[in-house]
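Novice: My questions will all concern the structure given below.
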Amino acid sequence: EVWEQDLSALELPAARFDGIFANACLFHLPSAALPAALAALHRTLRGHGVLFVSNAHGFGEDKEGWTGGRTAGTRSYVCWLSEGTWVATCEAAGFELLDKFYRPPGRPRDQQPFLATVWRKRPQRARILMDELAKFGGSKACPRSIDTVPLRSLHNGRELVMVVLHDRARGRVLLELPNTLGWRLHFGCDSGHDSTSSDIPEGELWATAKAEATESLAALGVALSTPQIRAAGLMLFSFRNANHPPMRVRVLEATPSAEAAQPAAARYYAADDVPYGRMWADDVVWMPSLLADATSYFEGHFVFDGLPGASSRLIEHSWDPTAPAPE
């Protein structure tokens with residue numbers, strides 16, 4: 001299978017590849033386009049995936065522009081970067097350097113026009129989308145991750161909790177549970193912290209979310225096969241063209257008891273037949289990955305074009321199924 005794409009506008013599936021070989025291609029991008037291209041490569045690598053890049057380098061200088069092509073009458077755009085600038089650019093994109101060497105081998109440095117570098121994807125927190133950064137006090141020069149948005153900036157000054165009730169042994173999901181948030185399919189509840197709380201450690205936020213979810217499920221009469229509830233994801237929602245504060249949701253996964261009776265309104269759906277058409281548009285992005293892997297953890301920022309609800313259109317999103325899971 002061959003994909004032909006524009007390096008300045010890559011559209012690659014998340015967490016698809018274990019390795020990427022980029023030989024003599026990325027240096028044809030303008031320096032301003034490199035961060036976006038590297039971000040796309042970072043996103044499409046699986047956790048700890050490896051990236052190999054060989055570029056023409058600038059012999060200690062940064063310069064770029066049009067130059068003569070390989071054939072008569074053609075031109076090429078070339079971005080010659082110094083080793084220091086190239087390394088800093090890749091590190092800023094979330095990569096850690098494993099190895100570097102100049103090419104061709106065995107020649108003096110002034111006769112080695114290519115710099116080869118080998119990188120490993122460094123797991124990182126999901127970033128707030130660039131077009132939404134200003135709303136959260138960030139900028140292109142100062143990006144922020146979705147976990148840094150203070151509680152006071154969220155809807156009602158608090159986080160929400162979602163529980164995916166997944167019976168992995170039987171390949172089914174328990175949906176349509178009554179809940180105080182009024183969600184039609186997913187089970188949700190409020191977290192235990194609000195904007196009056198400050199500087200809450202991430203571990204405490206997860207512990208409180210699990211405790212609140214456990215209590216709310218028990219009050220509803222939902223029986224779990226095990227009391228263990230795992231952290232499965234963190235989501236930030238923004239609502240463009242709508243006067244509504246952002247929402248942040250902590251996603252948990254629990255196993256419903258197969259033997260015990262569940263609330264009458266609840267309904268099981270096969271994991272491969274989840275009614276995504278009736279759900280918020282983000283669900284089809286992250287939920288299949290969660291259902292497929294019992295150890296998965298994701299983070300994402302989802303931007304809708306209207307008020308919260310299944311009728312709003314998802315217009316932009318950033319989703320990483322290889323984000324570092326909470327300890």
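Novice: Need at least 2 residues that are of a type in the set (Phe, Trp, Tyr) and over 15 Å from residue 58 (Cα atoms) per element, so show me which strands (runs of 3 or more DSSP E) inside the stretch 73-135 make the cut, counting only ones lying wholly within it. Spell out the reasoning first.
Specialist: Numbers: elements: 75-80, 95-103, 114-121.
Here the list is empty.
Novice: Another question, then. Any chance you could count how many residues in the stretch 44-102 are among the hydrophobic types (A, V, I, L, M, F, W, C) and under 28 Å from the mean Cα position of the chain (by Cα)?
Specialist: Here is the first cut: in the stretch 44-102, the residues among the hydrophobic types (A, V, I, L, M, F, W, C) are 45, 50-53, 56, 59, 66, 72, 78-81, 86-88, 90, 92-93, 95, 97-98, 101.
Right, trim to under 28 Å from the mean Cα position of the chain (by Cα) and you get 45, 50-53, 86-88, 90, 92-93, 95, 97-98.
Residues in the stretch 44-102 being among the hydrophobic types (A, V, I, L, M, F, W, C) and under 28 Å from the mean Cα position of the chain (by Cα): 14 in total.
Novice: Pairs only if they're at least six apart or on different chains, beta carbon under 6 angstrom, first in the stretch 148-173 and within 17 Å of residue 208 (Cα to Cα), second among the hydroxyl-bearing types (Ser, Thr, Tyr) and modelled with pLDDT under 95; list them, first residue then second.
Specialist: Cβ pairs passing all conditions: 151/195; 157/195; 158/191; 159/191; 161/191.
Novice: Restricting to the stretch 136-166, and then to whatever is open to solvent by 50 Å² or more (accessible area, probe 1.4 Å) and either modelled with pLDDT of 90 or more or in contact with a Phe, Trp or Tyr (Cβ under 7 Å, 6 or more places away or on another chain) (or both), can you tell me which residue is nearest to residue 253 (Cα to Cα)?
Specialist: Step by step, filter the stretch 136-166, then rank; the result is 158.
Novice: Keeping to the stretch 204-248, report how many residues are within 16 Å of residue 262 (Cβ to Cβ), open to solvent by 10 Å² or more (accessible area, probe 1.4 Å) and of a type in the set (A, V, I, L, M). Write out each step before concluding.
Specialist: From the stretch 204-248, those within 16 Å of residue 262 (Cβ to Cβ) are 213-214, 216-226; that's our starting set.
Now restrict to residues that are open to solvent by 10 Å² or more (accessible area, probe 1.4 Å): 214, 216, 218-226.
Restricting the remaining residues to those that are of a type in the set (A, V, I, L, M) gives 218-220, 222-224.
Here the count works out to 6.
Novice: Identify all residues within the stretch 194-224 that are among the hydroxyl-bearing types (Ser, Thr, Tyr) and either at pLDDT 90 or above or under 19 Å from residue 280 (Cα atoms) (or both); write none if there are none. Break it down stepwise before answering.
Specialist: Looking only at the stretch 194-224, we keep the residues that are among the hydroxyl-bearing types (Ser, Thr, Tyr), and these are 195-198, 208, 214, 216.
Across the stretch 194-224, the qualifying residues are 208, 214, 216.
Novice: Residues that are over 23 Å from residue 286 (Cα atoms), surrounded by 11 or more Cβ atoms within 10 Å (Cβ to Cβ) and either in contact with a strand residue (DSSP E or B) (Cβ under 6 Å, 6 or more places away or on another chain) or without any contact (Cβ under 8 Å) to a residue 60 or more places away in the chain (or both): does the stretch 37-46 have at least one? Talk me through it step by step, then tell me what you get.
Specialist: Initially, the stretch 37-46 is screened for residues over 23 Å from residue 286 (Cα atoms), giving none.
No; the residues of the stretch 37-46 include none that is over 23 Å from residue 286 (Cα atoms), surrounded by 11 or more Cβ atoms within 10 Å (Cβ to Cβ) and either in contact with a strand residue (DSSP E or B) (Cβ under 6 Å, 6 or more places away or on another chain) or without any contact (Cβ under 8 Å) to a residue 60 or more places away in the chain (or both).
Novice: Right, something else. Kindly establish whether residue 314 is closer than 21 Å to residue 191 by Cβ and either surrounded by 14 or more Cβ atoms within 10 Å (Cβ to Cβ) or touching a Lys or Arg at 6+ places or on another chain (Cβ under 7 Å) (or both).
Specialist: Details: closer than 21 Å to residue 191 by Cβ: no; either surrounded by 14 or more Cβ atoms within 10 Å (Cβ to Cβ) or touching a Lys or Arg at 6+ places or on another chain (Cβ under 7 Å) (or both): yes.
So residue 314 fails the test.
Novice: Shifting gears a bit: Please work out if residue 300 is open to solvent by less than 40 Å² (accessible area, probe 1.4 Å) and free of Cβ contacts under 8 Å to residues at least 40 places away in the same chain.
Specialist: On the way: open to solvent by less than 40 Å² (accessible area, probe 1.4 Å): yes; free of Cβ contacts under 8 Å to residues at least 40 places away in the same chain: no.
Spelling it out, it is not the case that residue 300 is open to solvent by less than 40 Å² (accessible area, probe 1.4 Å) and free of Cβ contacts under 8 Å to residues at least 40 places away in the same chain.
Novice: Right, next: Name the residues in the stretch 249-281 that are open to solvent by 40 Å² or more (accessible area, probe 1.4 Å) and in contact with a helix residue (DSSP H, G or I) (Cβ under 6 Å, 6 or more places away or on another chain), would you?
Specialist: 276
Novice: Just to verify a result, which residue in the stretch 172-185, among those that are in contact with a helix residue (DSSP H, G or I) (Cβ under 8 Å, 6 or more places away or on another chain) and either part of a strand (DSSP E or B) or open to solvent by less than 50 Å² (accessible area, probe 1.4 Å) (or both), is nearest to residue 160 (Cα to Cα)?
Specialist: Taking the stretch 172-185 as the starting set, the residues that turn out to be in contact with a helix residue (DSSP H, G or I) (Cβ under 8 Å, 6 or more places away or on another chain) are 172-173, 177-180, 184-185.
Subset that is either part of a strand (DSSP E or B) or open to solvent by less than 50 Å² (accessible area, probe 1.4 Å) (or both): 172-173, 177, 179, 185.
On the way: 172: 24, 173: 20, 177: 16, 179: 12, 185: 15 Å.
Filtering first and then ranking leaves 179.
Novice: Are any residues in the stretch 236-248 in contact with an Asp or Glu (Cβ under 7 Å, 6 or more places away or on another chain) and either among the hydrophobic types (A, V, I, L, M, F, W, C) or in a strand (DSSP E or B) (or both), and if so, which ones? Lay out the reasoning, then the answer.
Specialist: Residues of the stretch 236-248 in contact with an Asp or Glu (Cβ under 7 Å, 6 or more places away or on another chain): 238, 240-241, 248.
The answer is 238, 248.
The values are calculated or read from the model by the stated rules, or taken from the named source; none is laboratory data. None of these values were measured; they are calculated from a predicted model. In this analysis, Cβ positions are derived from the backbone assuming ideal geometry, glycine residues included, and neighbour counts consider all displayed protein chains. Accessible surface is based on the protein model in full, side chains and every heavy atom, while ligands, DNA and RNA are left aside. Shrake-Rupley method; radii C 1.70, N 1.55, O 1.52, S 1.80 Å.
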